[in-house]
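A short worksheet on the structure shown next.
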Amino acid sequence: MRLGYLTPLSLETIANARRLGYDAIEVGAGWLSGPTLSEIEANLPRLTDALHEHGIAVNAVAIYGGTVEAPVAEAIAYWGRAMGVAKAMGCSVVAGMTGRDNRLTVDENLPLFRERFEPIARRAEDEGVRLALEPWPGSVLGHGPYRWTNLATTPELWDRLFSEVPSPALGLEYDPSHLVWQGIDYLRAILDYGERIHHVHAKDIVIDQARLGRVGVHGRGWWRFVVPGLGEVDWPGLFRNLRLVGYAGDMSFEHEDNVYLNERWDEGLRLGLSFLRPFVAAY
């Protein structure tokens, strides 16, 4: 298991990963409508040379944005380009979001998902690439509950998505933090979906029970992401279950702890590394 962290890709971030002691980078390749992927494509030779020079691997390429809402041809082409970038850097995992059209019900979204992800998954199979859907619920739109901007949020919905597109190339970017605050058994999810876990995000979370008791689950400000080891996640149990299911992929620290921003960013990365490294070394 190679331990990386999620970051935009540049000569500076590659050198920083080496300086901090990480094995890899999960490349944040931007949103479907943004320029980041194009910038990476334009600079691939320099970036791949720097990765080799510093001994840093790419363990996943992550793209963002609403695939389901995007025009079909645009969505398929963008995921295809991300696969090409990943392969050029010696990587076999592309992570991303399903998106969701919130004008429609879940049932009405499923054909849109299938229309886009059937050809995306077919190409992934042909290219030897695995697709990892992150269970981030996204933002809440409007004022009612359950109006998330992403479909792949819960085991119930994972089953429906995998039924729509049963390709073995389609799986999960497992992230315990997103499951904890939804009240989902994040350790059981590893056992139930082990063969579908194509990449792992290391991110912790704290729950403010007093705030939750006042605002309820649909309120805001009752949970926040933290550096691994500073929150609710049972990390020994998580690694134990990954071993039980034979997970052979990599892990990326997704640093979203707002205590360690700006000038303290690298401090947060070091804390995450120092906590996770013994688990990874013993894996």
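The values are calculated or read from the model by the stated rules, or taken from the named source; none is laboratory data. Just so it is clear, the model here is predicted, and its values are computed rather than measured. Cβ: placed from backbone, ideal geometry, glycine included. Neighbour counts: every protein chain shown.
Among the residues of region 122-137, those identified as under 20 Å from the mean Cα position of the chain (by Cα) and either free of Cβ contacts under 8 Å to residues at least 24 places away in the same chain or buried (at least 22 other Cβ atoms within 10 Å of the Cβ) (or both) are ALA124, VAL129, ARG130, LEU131, ALA132, LEU133, GLU134, PRO135. Say we look at region 160-191 and pick out the residues that are charged (D, E, K, R) and under 25 Å from GLU26 (Cα atoms); which of these is surrounded by the most Cβ atoms within 10 Å (Cβ to Cβ)? Ranking the candidates gives GLU173 first. Taken together, the criteria exclude GLY55 from residues that are on the phi > 0 side of the Ramachandran plot, surrounded by fewer than 22 Cβ atoms within 10 Å (Cβ to Cβ) and touching a Phe, Trp or Tyr at 6+ places or on another chain (Cβ under 9 Å). When region 169-194 is filtered for residues that are of a type in the set (S, T, N, Q) and either touching a helix residue (DSSP H, G or I) at 6+ places or on another chain (Cβ under 6 Å) or assigned to a loop (DSSP other than H, G, I, E, B) (or both), only GLN182 remains.
Residues that are polar (S, T, N, Q) number at least 1 in the following strands (runs of 3 or more DSSP E) confined to region 1-69: 3-7, 57-64. Assigned to a loop (DSSP other than H, G, I, E, B), modelled with pLDDT of 95 or more and in contact with a Leu (Cβ under 7 Å, 6 or more places away or on another chain) - does that describe any residue in region 149-158? For region 149-158, residues assigned to a loop (DSSP other than H, G, I, E, B), modelled with pLDDT of 95 or more and in contact with a Leu (Cβ under 7 Å, 6 or more places away or on another chain): absent. Being modelled with pLDDT of 95 or more and closer than 16 Å to GLY34 by Cα is the filter; apply it to region 59-70 and report the residue that is surrounded by the most Cβ atoms within 10 Å (Cβ to Cβ). Here the answer is VAL61. Listed by first and then second residue, the pairs with beta-carbon distance under 7 Å, at least 6 apart or on different chains, first residue in region 243-265 and more than 26 Å from ALA189 (Cβ to Cβ), second part of a loop (DSSP other than H, G, I, E, B) and not hydroxyl-bearing (Ser, Thr, Tyr), are TYR260/VAL227. Of the residues making up region 177-227, not one is among the hydrophobic types (A, V, I, L, M, F, W, C), more than 28 Å from ARG240 (Cβ to Cβ) and touching a Pro at 6+ places or on another chain (Cβ under 7 Å).
From the list GLU127, GLU173, GLU164, the lone residue that is at pLDDT 95 or above, in contact with a Gly (Cβ under 9 Å, 6 or more places away or on another chain) and farther than 23 Å from LEU273 by Cα is GLU127. Filtered by the rule that a residue be hydrophobic (A, V, I, L, M, F, W, C), within 22 Å of PRO166 (Cα to Cα) and surrounded by fewer than 20 Cβ atoms within 10 Å (Cβ to Cβ), region 101-116 gives VAL106, LEU110. Just one residue in the set ALA77, ALA42 is farther than 30 Å from PRO137 by Cα and without any contact (Cβ under 8 Å) to a residue 40 or more places away in the chain; that residue is ALA42. Go through region 74-100 and count every residue that is surrounded by fewer than 16 Cβ atoms within 10 Å (Cβ to Cβ) and either under 21 Å from GLU164 (Cα atoms) or polar (S, T, N, Q) (or both). The qualifying residues number 2.
Of everything listed in (1) over 23 Å from ALA202 (Cα atoms); (2) in contact (Cβ under 8 Å) with a residue 12 or more places away in the chain; (3) more than 20 Å from the chain's Cα centre (by Cα), the single unmet condition for GLY55 is (1).
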